[in-house]
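Since the structure comes first, as structure tokens, the remarks are kept for the end.
The values are calculated or read from the model by the stated rules, or taken from the named source; none is laboratory data. In this text the structure is predicted, and so the values were computed from the model without any measurement. Here Cβ is always computed from backbone atoms with ideal geometry, including for glycine, and neighbour counts include all displayed protein chains.
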Amino acid sequence: MIYLDYNATAPMKPAVRVAMLEAMERHGNPSSVHRFGRIARRYVEEARAAVAALVGVKPAQVIFTSGGTEANNIVFRGAEYGSYVTSAIEHDSILVPTPQAERIPVNDDGVIDLAKAEIILQQAKTSSKLLSIMLVNNETGVIQPLTEAVRLAKANKYLVHCDAVQAAGRLPIDFAKLGVDFLTLSAHKIGGPQGVGALVVGEKTTLRALQSGGGQEMNRRAGTENVAGIVGFGVAAQLAADDLREVPKLCVWRDRLQNKLKLIAGDEAVVLGASAPRVANTLCIAMRGISSETQVMAMDLAGIAVSAGSACSSGKVKSSHVLRTMGFDETVAGSALRLSLGWNTQGQDIERCIDAWHALYQRTHNEKQSAAA
């Protein structure tokens, strides 16, 4: 089975698994003062340092969480702001907690409209304001103009949060250069375990704990730490530099996929975000007239794992709010596939995917011709 769904979750890297198994063979609560507890604490703090190094911050700025969703929720529910602004293409873990927020629209390539963003940011009259802009969209791979958005936000006295879950390991990330106040990361997008993430907080930024109880995570997130998961996250963060070195190769493979699929389906194929800057590993392409669900199932039967967009807890394929926001109707939004590559992708995987998609297109094309005859 060929796996091309890294944006949903990346396969765990072997070194991560080894480190986690070693951690699980130990016991001890990181909050305990005896030797077992001190060993567990050392594991956690070494991992914290590794995650901090990934984005260029001090270890004390890293709060471990159960994943990207919790990290995002801490930002929005762990404080009270008079005004919220987000882009219209954020992940549901941003959109759902902020139903009252102003949404910045995007163009048909999925890039936020900075002119409209400036107008929206100037309208808020409250003293406490928060802007949230993702660095890379999880469905299209489009890189957002975060630096320009931060500049506009700061000119209007906003704090800024960035969901960088899909950017880690695909783009260099420097927290200080981005100029944000909060940044979200997730382990399982970079070959680490599921169920662990981090919120990076500016040194001078205040944040109230969303989860109260003990004093863990510097009184910012109560609960006994997931030591093995955190260890795995730390190793994955260290290995993310290797992923960055693979970017040129992934870009070549992504472009080959894109060009071949376009050649096969012609005008019936639509590449989403084609004219915008994108991360190298992601291709979002629609085959008009064939539902996303049909395509996902057909590819699965052909031994290729792909998705229709953002992973959904129901396990069902649903039309993308991202693509609808970009201005595409159901003929495109309802027929889009996301193919995402990563650390274990091979050249032959790309060729197998092209062949499988070609077979699907030919079969449906023939069925259409037979029905029209």
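Looking at segment 221-318, the helices (runs of 4 or more DSSP H) lying wholly inside it that each contain 2 or more residues that are closer than 24 Å to residue 144 by Cα and either of a type in the set (S, T, N, Q) or modelled with pLDDT of 90 or more (or both) sit at 227-245, 247-265. Hey, residue 341 hits all of (1) at pLDDT below 95; (2) touching a Phe, Trp or Tyr at 6+ places or on another chain (Cβ under 7 Å); (3) of a type in the set (A, V, I, L, M) but one; which does it fall short on? Status for residue 341: all satisfied but (1). State which residue is nearest to residue 361 (Cα to Cα) when the search covers only segment 241-260 and only residues that are out of contact with any strand residue (DSSP E or B) (no Cβ under 6 Å at 6 or more places or on another chain) and buried (at least 19 other Cβ atoms within 10 Å of the Cβ). Looking at residues that are out of contact with any strand residue (DSSP E or B) (no Cβ under 6 Å at 6 or more places or on another chain) and buried (at least 19 other Cβ atoms within 10 Å of the Cβ), I get 253. Is it the case, given these coordinates, that residue 55 is surrounded by 15 or more Cβ atoms within 10 Å (Cβ to Cβ) and either aliphatic (A, V, I, L, M) or under 10 Å from residue 198 (Cβ atoms) (or both)? Yes; evaluated as a whole, the condition is true for this residue. For segment 1-36, a residue qualifies if it is out of contact with any strand residue (DSSP E or B) (no Cβ under 9 Å at 6 or more places or on another chain) and acidic (Asp, Glu), and the qualifying residues are 22, 25. Residue count for segment 228-265, restricted to those that are among the aliphatic types (A, V, I, L, M) and more than 18 Å from residue 190 (Cβ to Cβ): 6. Comparison of 57, 18, 33 shows that the only residue that is of a type in the set (Val, Ile, Thr), assigned to a loop (DSSP other than H, G, I, E, B) and over 24 Å from the mean Cα position of the chain (by Cα) is 33.
Assess whether residue 283 counts as being under 24 Å from residue 344 (Cα atoms), buried (at least 21 other Cβ atoms within 10 Å of the Cβ) and either in contact (Cβ under 8 Å) with a residue 60 or more places away in the chain or polar (S, T, N, Q) (or both).
yes
When segment 120-156 is filtered for residues that are crowded, with 19+ Cβ neighbours inside 10 Å and polar (S, T, N, Q), the ones remaining, listed by number, are 132, 137, 138, 140, 144. Of the numbered conditions (1) on the phi < 0 side of the Ramachandran plot; (2) surrounded by fewer than 24 Cβ atoms within 10 Å (Cβ to Cβ); (3) of a type in the set (D, E, K, R), residue 217 fails exactly one; give the number of that condition. The single condition residue 217 does not satisfy is (1). Of the residues making up segment 74-94, not a single one is closer than 30 Å to residue 333 by Cα, of a type in the set (A, V, I, L, M, F, W, C), surrounded by fewer than 20 Cβ atoms within 10 Å (Cβ to Cβ) and free of Cβ contacts under 8 Å to residues at least 40 places away in the same chain. Residue count for segment 157-191, restricted to those that are touching a strand residue (DSSP E or B) at 6+ places or on another chain (Cβ under 8 Å) and in a loop (DSSP other than H, G, I, E, B): 12. Taken over segment 192-220, residues that are outside any loop (DSSP other than H, G, I, E, B) and farther than 28 Å from residue 14 by Cβ amount to 5.
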